[in-house]
Amino acid sequence: MLKTQNYLSVAEANETVFRNILRDLKANRAKRAGGKYIPNDLDPEAPLEAIYKKFSTGDRYGIFTITDFTLNDDTATIAFQDVATLSGGGATLAYNIASTEVEYAGPQFVMMS
């Protein structure tokens with residue numbers, strides 16, 4: 001189980017990149033590692049604070065959780081999970097960044113139980 005980090009300030013400072021990654025996750029969930037855990041109600045256009053509150057705060061047992069979002073030079077990573085006892089999984093996915101455009105680079109970590 002991944003510990004949830006407070007990534008909100010990074011998302012706010014890189015809002016377009018963060019939203020583009022969320023758009024990619026939603027549109028390509030069937031093609032992304034751990035994509036089956038991405039909920040239909042993920043709304044990349046919602047206010048950032050609302051996204052953070054809905055998907056990263058409170059009791060996260062057995063529900064989709066964005067656990068981290070980071071940027072390093074020209075690479076962004078997003079981590080998420082949906083974990084309960086003996087079930088669930090998640091992934092950390094990497095994206096290449098060119099300006100504010102993102103391109104899926106692949107999984108860095110995938111967990112399944």
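Considering only F64, Y52, L8, whose Cα is most displaced toward the positive end of the charge dipole of segment 1-67, charges sitting on Cβ of Lys, Arg (+1) and Asp, Glu (-1)?
Farthest along the dipole direction, towards plus: F64.
Placing +1 at every Lys and Arg Cβ and -1 at every Asp and Glu Cβ, with all other atoms neutral, what dipole size does the chain have around its Cα centre, in debye to the nearest 20?
For this selection, approximately 460 debye.
In Å, what is the Rg of the alpha-carbon atoms in the chain, and how long is Dmax?
When restricted to Cα atoms, the chain yields Rg and Dmax of 12.8, 40 Å.
Helix 15-27 versus the longest principal axis of the chain: what is the Cα-based angle in degrees, 0 to 90, to the nearest 10?
Once rounded, the angle reads 50 degrees.
Evaluate the distance, in nm, between pseudo-label points positioned 7 Å from the Cα of K36 and of Q108 along their respective Cα→Cβ axes.
In this crude spin-label approximation the distance works out to 2.5 nm.
In sequence order, what are the phi-derived ³J(HN,Hα) couplings for segment 72-86 according to the Karplus relation 6.51 cos²θ - 1.76 cosθ + 1.60 with θ = phi - 60°, rounded to whole Hz, with x for glycine and proline?
9, 6, 10, 10, 10, 10, 10, 10, 8, 7, 8, 10, 9, 4, 6
Which value at 222 nm does the chain reach when only helices count, each DSSP H run of 4 or more adding -39,500 (n - 2.57), with the total divided by all residues and rounded to the nearest 500 deg cm²/dmol?
For the chain, the value works out to -7000 deg cm²/dmol.
Under a point spin-label approximation (7 Å from Cα along Cα-to-Cβ), what is the L48-S87 distance to one decimal in nm?
3.4
Can you give the net charge of the other residues whose Cβ lies under 14 Å from the Cβ of A94, counting K and R as +1 and D and E as -1?
Summing Lys/Arg as +1 and Asp/Glu as -1 gives -4.
Would you mind checking the pairs K31/K54; K31/K53; K3/K31; K26/K54 and listing those with alpha carbons more than 20 angstrom apart?
K31/K54; K31/K53; K3/K31, as the Cα separations exceed 20 Å there.
FYI, it's all coordinate maths here, none of it is from the lab. Fair warning: this is a prediction, and the values are worked out from it, not measured in the lab. Here Cβ is always computed from backbone atoms with ideal geometry, including for glycine, and neighbour counts include all displayed protein chains.
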